[in-house]
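Undergrad: Got a structure for you, questions after.
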């Protein structure tokens, strides 16, 4: 499916919206209260997503996916952003870097993920290497034709215990004009291999029920066919996926902004104080105006980055601008929405407090706001030799 005709996108949006109304929204409160998505519910969402063609919609039709282009995917991710990752992540969008699978890897990893028979984790972040990827300590050393993997990963997100992880590990040192740089390789590592432990990690107050995992590797032996892509090209392989991931975060933030702004607007129009709707007071009305201006700007930023991606000319700073602006707008809108609702904004009876908690994570994962600003700053100064 492509976004060549706006009519097709309208039909796609209606499909996504109807799916969320029927399969996702009814379960939000219970999942947030319990901090768990029952496995039966997750599998139900998974199966019904397959029935309506939303499962693996991000991957090309040639490999069995939905074949949505970036423009269409941005619309889909925007709608998913209105709800919780704990639920909508069951409508799987397998990581695009699995398209680098070749030979037997296709049948072992790519095809099962497209079919919903396997789930993967993207394992890059470490306890001492979050924003600083080059601080990575997980390493793999050659032993004959095999590789021996050691190290750990944390804050690796997913809806359910995975079948395998795409693990990034240092496999050597390269000399570059900017000095020595770790050579990073991506490995396909099956859960259950001797020495590989995968367990649930910390409980997060944002997106309750969306799991994060801790992975540890103790002399895990991997064959040469477990390398994804080429040895030493792991970061290049992940770069495009990380960039588009930041754009999808921006799009999802726009969706959440729209939902919260709708709630704030309804409340401001119906809640009365001093004999008139509170929206008529400048302090409240201007908050709504700023939300509308910010959302228009954020949507345009996302659309511009998506257009650049479709044309093959998106740069790291384009994704960084989207990520930092949209996530920080969302946090401002979430806080203003709580303020407009007053005390009721923090009561469990309303979803405002949940959306407020969920919003906070968006400025951290997929690269913190500080890292995004660093990327933009570097793009400005580096051409001048600074």
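The values are calculated or read from the model by the stated rules, or taken from the named source; none is laboratory data. Keep in mind that this is a model prediction, so the values were computed, not measured. Virtual Cβ from ideal backbone geometry, glycine too; neighbours counted across all protein chains shown.
Undergrad: Looking at the structure I just gave you, is residue 193 assigned to a loop (DSSP other than H, G, I, E, B) and out of contact with any helix residue (DSSP H, G or I) (no Cβ under 9 Å at 6 or more places or on another chain)?
TA: Criteria met by residue 193.
Undergrad: Of all residues in the stretch 273-282, count the ones that are on the phi < 0 side of the Ramachandran plot and outside any helix (DSSP H, G or I). Spell out the reasoning first.
TA: Narrowing the stretch 273-282 to residues on the phi < 0 side of the Ramachandran plot: 273, 276-282.
Add one more test, that the residue is outside any helix (DSSP H, G or I), and what stays is 273, 276-277, 281.
The total comes to 4.
Undergrad: Restricting to the stretch 112-130, name every residue that is in contact (Cβ under 8 Å) with a residue 24 or more places away in the chain, surrounded by fewer than 18 Cβ atoms within 10 Å (Cβ to Cβ) and over 30 Å from residue 61 (Cβ atoms).
TA: Correct list: 127, 130.
Undergrad: Related question: Output the number of residues of the stretch 283-333 satisfying the condition of being under 22 Å from the mean Cα position of the chain (by Cα) and part of a helix (DSSP H, G or I).
TA: The total comes to 35.
Undergrad: Could you check how many residues of the stretch 334-379 are part of a helix (DSSP H, G or I) and over 30 Å from residue 272 (Cα atoms)?
TA: 12
Undergrad: Taking the condition surrounded by fewer than 14 Cβ atoms within 10 Å (Cβ to Cβ) and modelled with pLDDT of 95 or more, does residue 352 pass?
TA: Values: surrounded by fewer than 14 Cβ atoms within 10 Å (Cβ to Cβ): no; modelled with pLDDT of 95 or more: yes.
In short, no.
Undergrad: May I pose another question? I'd like the full set of residues that are in a loop (DSSP other than H, G, I, E, B), in contact with a strand residue (DSSP E or B) (Cβ under 9 Å, 6 or more places away or on another chain) and under 15 Å from residue 64 (Cβ atoms), limited to the stretch 103-128. Full working, then the answer.
TA: Of the residues in the stretch 103-128, the ones in a loop (DSSP other than H, G, I, E, B) are 103, 116-119, 124-125, 127-128.
Narrowing the set further to residues that are in contact with a strand residue (DSSP E or B) (Cβ under 9 Å, 6 or more places away or on another chain) leaves 118-119, 124-125, 127.
Within the stretch 103-128, just 118 meets the criteria.
Undergrad: Mind checking which residues of the stretch 233-245 are out of contact with any strand residue (DSSP E or B) (no Cβ under 6 Å at 6 or more places or on another chain), part of a helix (DSSP H, G or I) and farther than 16 Å from residue 156 by Cα? Don't jump to the end; show me each part of the working.
TA: Looking only at the stretch 233-245, we keep the residues that are out of contact with any strand residue (DSSP E or B) (no Cβ under 6 Å at 6 or more places or on another chain), and these are 233, 236, 238-245.
Retained after the next criterion (residues that are part of a helix (DSSP H, G or I)): 236, 238-245.
236, 239, 240, 243, 244, listed by residue number.
Undergrad: Take residue 92 and decide whether it is at pLDDT 95 or above and either farther than 21 Å from residue 57 by Cα or not in a strand (DSSP E or B) (or both). Give the steps one after another, and end with the answer.
TA: Numbers: at pLDDT 95 or above: no; either farther than 21 Å from residue 57 by Cα or not in a strand (DSSP E or B) (or both): yes.
Answer is no for this residue.
Undergrad: Kindly indicate whether residue 342 is surrounded by fewer than 23 Cβ atoms within 10 Å (Cβ to Cβ) and closer than 24 Å to residue 33 by Cβ. Talk me through it step by step, then tell me what you get.
TA: Details: surrounded by fewer than 23 Cβ atoms within 10 Å (Cβ to Cβ): yes; closer than 24 Å to residue 33 by Cβ: yes.
It is true that residue 342 is surrounded by fewer than 23 Cβ atoms within 10 Å (Cβ to Cβ) and closer than 24 Å to residue 33 by Cβ.
Undergrad: Please work out which one of (1) within 20 Å of residue 363 (Cβ to Cβ); (2) surrounded by fewer than 22 Cβ atoms within 10 Å (Cβ to Cβ) is the condition residue 320 fails and give its number.
TA: All conditions are met except number (2).
Undergrad: Working only within the stretch 157-182, note down all residues that are surrounded by fewer than 16 Cβ atoms within 10 Å (Cβ to Cβ) and under 21 Å from residue 135 (Cα atoms).
TA: Passing the criteria: 172, 173, 174, 175, 176, 177, 178, 179, 180, 181.
Undergrad: A further question on this structure: Does the stretch 293-314 hold any residues that are under 21 Å from residue 377 (Cβ atoms), touching a residue at least 12 places away in the same chain (Cβ under 8 Å) and in contact with a helix residue (DSSP H, G or I) (Cβ under 7 Å, 6 or more places away or on another chain), and which are they?
TA: The answer is 298, 301, 305, 314.
Undergrad: Starting from residues that are outside any helix (DSSP H, G or I) and more than 19 Å from the chain's Cα centre (by Cα), keep the ones in the stretch 37-59 and report whichever is surrounded by the fewest Cβ atoms within 10 Å (Cβ to Cβ). I'd like the intermediate steps shown before the answer.
TA: Step one: filter the stretch 37-59 for residues outside any helix (DSSP H, G or I), giving 37-38, 52-59.
Narrowing further to those that are more than 19 Å from the chain's Cα centre (by Cα): 38, 52-53.
Values: 38: 13, 52: 15, 53: 15.
That would be 38.
Undergrad: Kindly indicate the residue of the stretch 60-97 that is more than 20 Å from residue 251 (Cα to Cα) and surrounded by 17 or more Cβ atoms within 10 Å (Cβ to Cβ) and also nearest to the chain's Cα centre (by Cα) among those meeting that condition. Even if it seems obvious, please write down each step before you answer.
TA: Going through the stretch 60-97, the residues more than 20 Å from residue 251 (Cα to Cα) turn out to be 60-65, 97.
Filter once more, so that each one left must be surrounded by 17 or more Cβ atoms within 10 Å (Cβ to Cβ): 63, 65, 97.
Values: 63: 22, 65: 19, 97: 14 Å.
Looking at the filtered set, the residue picked out is 97.
Undergrad: Ok, one more. Does residue 137 qualify as being surrounded by fewer than 17 Cβ atoms within 10 Å (Cβ to Cβ), touching a strand residue (DSSP E or B) at 6+ places or on another chain (Cβ under 8 Å) and either under 15 Å from residue 60 (Cα atoms) or touching a residue at least 12 places away in the same chain (Cβ under 8 Å) (or both)?
TA: Here the answer is yes, as residue 137 does meet what is asked.
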